[in-house]
Amino acid sequence: MGINRRDFLKGLGGTVAALGAAGIVEGLVSDRKAEAIHQAAPLTGTIRWGMVVDVAAFRTEEDFRRCEEACHKYHNVPRFNSLKDEIKWIWSDRFENVFPSASHQFVSEKMEEQRYFALCNHCANPPCVRVCPTQATFKDTSNGITMMDWHRCIGCRFCMAACPYGARSFNWRDPRPFIPGELNPDFPTRERGVVEKCTFCAEVIALGEAPGPGEELPEKQMPRCVKASEGRLVFGNLKDPESQIRRTLKATKTIQRKPQLGTQPSVFYIV
Amino acid sequence: MLEKALYGSKKYWALVLFLIGLTLVGTVAYIKQYMYGLGATGMSRDISWGVYIAQFTFLVGVAASAVMVVLPYYLHNYKEFGKIVILGEFLAISAVTMCILFIMVDMGKPARVLNILKYPTLHSVMFWDMVVLSGYLGLNLLCGWVVLQAEKKDVPPPKWIKPFIYVSIPWAVSIHTVTAFLYAGLPARHFWLTAIMAPRFLASAFSAGPALLILLALLVRRYTEFDAGKKAISKLATIVLYAGLVNFFFLLMEVFTAFYSSVPSHKETFVYLYMGLEGMGNLVYVMWTSLAVGFIAILMLLFPKNRENYGRLAVACALLFVSLFIDKGVGLVIGGFVPNPLEHVLNYHPTAIEIMVTIGVWGAGFLVLTVLYKVAISIRALTSPGTH
Ligand code: SF4
Ligand code: SF4
């Protein structure tokens, strides 16, 4: 056969799944992993960036604020005084809101009072990428980051309807006058009419070499929230069994947001 | 043939000017929105599609419903629909025009919309929606025009048009199916994540569209020489009735699944729409109105006598149209966003600008419709004088 069957399915998988006929393909690949149809764009590289949120380590409001501010400042995220125009990349909410499908009955007081970070999960199988008609939202298959091209986005907001985590914001109006404090010249500002969200600081990570197996990302290339978290957020390569993040995941019980949807989030929580 | 639209009675011109006026109001409002951004609307981070996309969704149904006259006429040779078929096709053209306009006014970056063509994305339903919609517009323009032209010359339509007409039948079904897939394929939204979304869409479309077509045919009959024929209208009324019944049956099925299973995420939107949730629920009265007038309309249509009497038929069709307009053009789309993915409950209030733009688009759509109907009716008057 000319074309490798797996490659063929990779290309077709997203399309067919979108048409609701995944079952047929599943029959075809039953000898292989169902993953080929599960992922619109399988992560082919040796890296899949992921994050672990050590929930209990976030005690004071200040712990959250530091991370949020580091992110929002670096990325020139505007601050509006109205809920309607709001733009946010990382924020915190209550347990039942961040984990609506987890158990809510008789949860411990600690869990009830605790707040939980919410951000883009950089899902391995992201619905936002599947629906975007222009590929303005796309998967960087070399590192698992769900990226956004603001110059390509047409502002249809299909991705906002599709993201099960409410991770995306839209520039309902010109954001520039609302960027608090000084502009960060290293990062572009956005215009009205496009969607935006957390990028796992792809551009910061790319400031130096990618770490090899067994190596960690150097501090200065860590995402801004991770840097500001003082160890409360662990960031690393999910594909490297030796990485700190994998060791953390192995040693502790963690949960993901809405795992039943099959999006395969790259953000995990120690609760 | 378009020149036929340039000669008309005072009443015709009054209508045209009125519709131009509405379009202008919408244009001014749109310019305001364009300058400020979509923030001029009531949409938010949580309810990110509003009136525009809801209207778009509803009107795709109206466009698709042309198949309810095209199919019996061309496939089953149901001669009674001979006259109304052109009204159906031209209604489809104006409905698709409105769909395109609603998409355009909803774009954050309208100037970039051709990116959809530049980066064709086969796994995006929106890409396919664009393909089927523009294809449908092309098919209807072609078929409507060629058939009408043949009629003007008093000859049978050319043979080569037949395949296009046949293709337009499944195509009509496809536009509304694909539009339903915009919603039904999203893991995030429980209210939309239902396999009967497409059937529901079709049922409501095949009721609301023909209901509008009946109203238009009755209006045309009243103000012009053109009469679609009693038989055609009463047949259409039957279609409206049955599709309407199926639509409400589907709604009941959704309600049963949600409430008998008692799964919160399946119930919540229904509760929000019909009872209010966490103190929010600005659509409750609207949704009950939809149910009530829909029920009355169906009840009226159930009696054959009411289907024969034009006055009562018009009332029933208007009621059913309003009911389905609310159900799909308001509740279904906006309701899907509440509660949001983080289980927060928020209301959406369209702004004045948003409503004005919406009226403007309807104005533009009816302007297209008026002009097309004028052409069709003038040509009919030429070829078959005195058919009344
Ligand atoms: S969390 Fe939402 S925005 Fe982020 S990758 Fe997943 S679906 Fe896309
Ligand atoms: S709003 Fe932009 S990023 Fe989102 S789906 Fe549309 S084009 Fe893609």
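Determine, at each q value in 0.22 (inverse angstroms), the log₁₀ of I(q)/I(0) that the Debye formula gives when each Cα of region A:203-254 is one equal point scatterer. Each listed q maps to, in turn, -0.84.
Remark on region A:140-205: Rg and Dmax equal 12.8, 35 Å (Cα only).
From its DSSP helices (H runs of at least four residues, each -39,500 (n - 2.57)), the protein assembly as shown gives a residue-normalised ellipticity at 222 nm of -16500 deg cm²/dmol. Exposure check, 1.4 Å probe, all protein chains in place: residue B:268 carries approximately 40 Å² of accessible surface.
A compact globular protein would have a Cα radius of gyration near 2.2 N^0.38 Å; the ratio found for the protein assembly as shown is 1.05. Between the alpha-carbon centers of region B:13-65 and region A:201-237, tell me the distance in whole angstrom. For region B:13-65 versus region A:201-237, the Cα centre distance is 46 Å. By definition, a body whose alpha carbon gyration tensor gives a ≥ b ≥ c is oblate when a/c is 1.5 or more and a/b is not larger than b/c, and region B:1-148 fits this oblate description. Rounded to the nearest 0.05, the FRET efficiency derived from the C-beta distance between residue B:134 and residue B:154 at R0 = 30 Å is 0.40. Based on alpha-carbon centroids, what's the gap between region B:81-152 and region A:58-124 in Å, whole number please? When both Cα centres are located, 42 Å separates them. Peptide B:45-54 has a mean shielding of 4, counted as Cβ atoms of other protein chains within 10 Å of each residue's Cβ.
Extending 7 Å from Cα along the Cβ direction at residue A:103 and again at residue B:2 yields two label points whose distance is 6.9 nm. Ranking B:67, B:190, B:282 by how far each Cα lies toward the positive end of the dipole of chain B (charges on Cβ) leaves B:67 at the top.
Taken over region A:111-224, the ratio of Cα radius of gyration to 2.2 N^0.38 Å equals 1.17.
Once Rg and the Kirkwood radius are both taken over the C-alpha atoms of region A:165-271, their ratio Rg/Rh works out to 1.01. Toward the positive end of the charge dipole of region A:197-271, with +1 on the Cβ of Lys and Arg and -1 on the Cβ of Asp and Glu, the farthest Cα among A:223, A:238, A:255 is that of A:255. Shown for region B:206-278: the carbon plus sulfur share of the solvent-accessible area, taken with all protein chains present and a 1.4 angstrom probe, equals 66%. In terms of its alpha-carbon gyration tensor, region A:31-149 comes out oblate; a/c meets the 1.5 threshold, while b/c is at least as large as a/b. Here, P(r) means the percent of Cα pairs in each 10 Å bin from 0 to the largest distance; for chain B it is 5, 22, 33, 26, 11, 3, 0.
Surface burial for B against A, with a 1.4 Å probe and both sides summed, reaches about 4000 Å² of accessible area. When the C-alpha to C-alpha distance is required to be over 32 Å, the pairs from B:109/B:159; A:84/B:267; A:227/A:253; B:4/B:118; B:11/B:83; B:11/B:109 that qualify are B:109/B:159; B:4/B:118; B:11/B:109.
Would you mind classifying region B:129-241 by shape? Square roots of the alpha carbon gyration tensor eigenvalues, ordered a ≥ b ≥ c; an a/c under 1.5 is rounded, otherwise it is prolate if a/b is larger than b/c and oblate if not. It is oblate, given that a/c is not under 1.5 and a/b is not larger than b/c.
The values are calculated or read from the model by the stated rules, or taken from the named source; none is laboratory data. Here the structure is a predicted model, which means the values were calculated and not measured. When we count neighbours, we look across all protein chains shown, and the Cβ atoms used for this are built from the backbone with ideal geometry, even at glycine. Heads up: the accessible areas ignore ligands, DNA and RNA and are worked out on the full protein's heavy atoms, side chains in. Shrake-Rupley method; radii C 1.70, N 1.55, O 1.52, S 1.80 Å.
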